[in-house]
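The values are calculated or read from the model by the stated rules, or taken from the named source; none is laboratory data. Owing to the predicted nature of the structure, the values given are computational and were not obtained by experimental measurement. When we count neighbours, we look across all protein chains shown, and the Cβ atoms used for this are built from the backbone with ideal geometry, even at glycine.
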Amino acid sequence: MNLFAIDIGNTVMKASFFLNDKEQQLVSLPLNDEAFEDRFTRLLTECWDQAPLVESAAEPTKDAVIVVSSVNPDATDRVRALCQDVLGEPVKVIGQDVPLPIETSVERPFDVGTDRLVTAAAAYAVVEDAVVVADFGTAVTIDLVDESGVFVGGTISPGFEMALEAMHAHTAKLPQVGMQKPASVYGVNTAEAMRAGVYWAAVGLLETICRKYAEQLGRWPHVILTGGGAAVFKDDCEFVDSYVPDLAVRGIMIAYKKAIFEAEDIDRLDHDNTFDTR
């Protein structure tokens, strides 16, 4: 399958092109970058040029599809317009044009960010057992999929930059600082103390939530760490089994494949159950 997978977050868009099911490249583009449209246009063109043509089509038609998972409606509209203007191609949005990729037991499945659901589906597809997916981005989500492949739910908390910005915004003297790995557990200055606070709080949060999930399951689940912020602190999370930075785009591929295969099964079932009315 040839698929251009786009994961749209609150501040960053990740895109990956799969050619014959093999990931060719992964690109991360900040949504507030002034050059976003130019960079995305070049990426679209480069990837689409690699896609083969449909052999049986009367008119030249690329044998590829663009699938989007998004938690950012405005950015989705921008991406949709660019795909139409540059390629003349529509996009398929998970949760709208593509069914949700995983069964859930939450109250309102369509209110759950599709980023959480596609990463959960991708994680379960690999582990095929109970799994925790911790995604460290603008916000931090720590979700549980049970041994049957059902998305049970999870937690949402501020990401590193959000936590640091909140301290600066709601105090008189705390400075505005960016996130990086602190030099030690304790800070020798205010900025380092702030970084150490959010850093070790994240490690403790993840370990505590995983332990609570384990108590519910009766055993320790496989834990997968993903997201742009995860690289900063993954080495201090000895209880984490896997680090997969691009899990969401893989989940988009899985979601679309699952939808296609289920649609083919339904068509086959409908055909098998038709009656000869002659």
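At a glance:
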item: Failed item in (1) assigned to a helix (DSSP H, G or I); (2) hydrophobic (A, V, I, L, M, F, W, C); (3) at pLDDT 95 or above, with Ala125 passing the rest; result: (3)
item: Which numbered condition Met162 fails, given (1) without any contact (Cβ under 8 Å) to a residue 40 or more places away in the chain; (2) on the phi > 0 side of the Ramachandran plot; (3) in contact with a strand residue (DSSP E or B) (Cβ under 8 Å, 6 or more places away or on another chain); result: (2)
item: Per-region count, region 118-171, residues of a type in the set (Asp, Glu) and farther than 20 Å from Arg108 by Cβ; result: 5
item: In region 242-258, residue surrounded by the fewest Cβ atoms within 10 Å (Cβ to Cβ) [restricted to those that are touching a Leu at 6+ places or on another chain (Cβ under 9 Å) and charged (D, E, K, R)]; result: Lys257
item: Flag if Pro101 is modelled with pLDDT under 95, in a loop (DSSP other than H, G, I, E, B) and exposed (fewer than 14 other Cβ atoms within 10 Å of the Cβ); result: no
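Conditions (1) under 30 Å from Gly218 (Cβ atoms); (2) under 12 Å from the mean Cα position of the chain (by Cα); (3) in contact (Cβ under 8 Å) with a residue 24 or more places away in the chain, marked per residue:
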site: Val79; (1), (2), (3): no, no, yes
site: Asp85; (1), (2), (3): no, no, no
site: Lys92; (1), (2), (3): no, no, yes
site: Phe110; (1), (2), (3): no, no, no
site: Arg116; (1), (2), (3): yes, yes, yes
site: Thr119; (1), (2), (3): yes, yes, yes
site: Ala125; (1), (2), (3): yes, no, yes
site: Asp129; (1), (2), (3): yes, no, yes
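Here is a yes/no grid of residues against (1) charged (D, E, K, R); (2) at pLDDT 95 or above; (3) surrounded by 13 or more Cβ atoms within 10 Å (Cβ to Cβ):
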position: Ala166; (1), (2), (3): no, yes, yes
position: Leu174; (1), (2), (3): no, yes, yes
position: Gln180; (1), (2), (3): no, no, no
position: Glu192; (1), (2), (3): yes, yes, yes
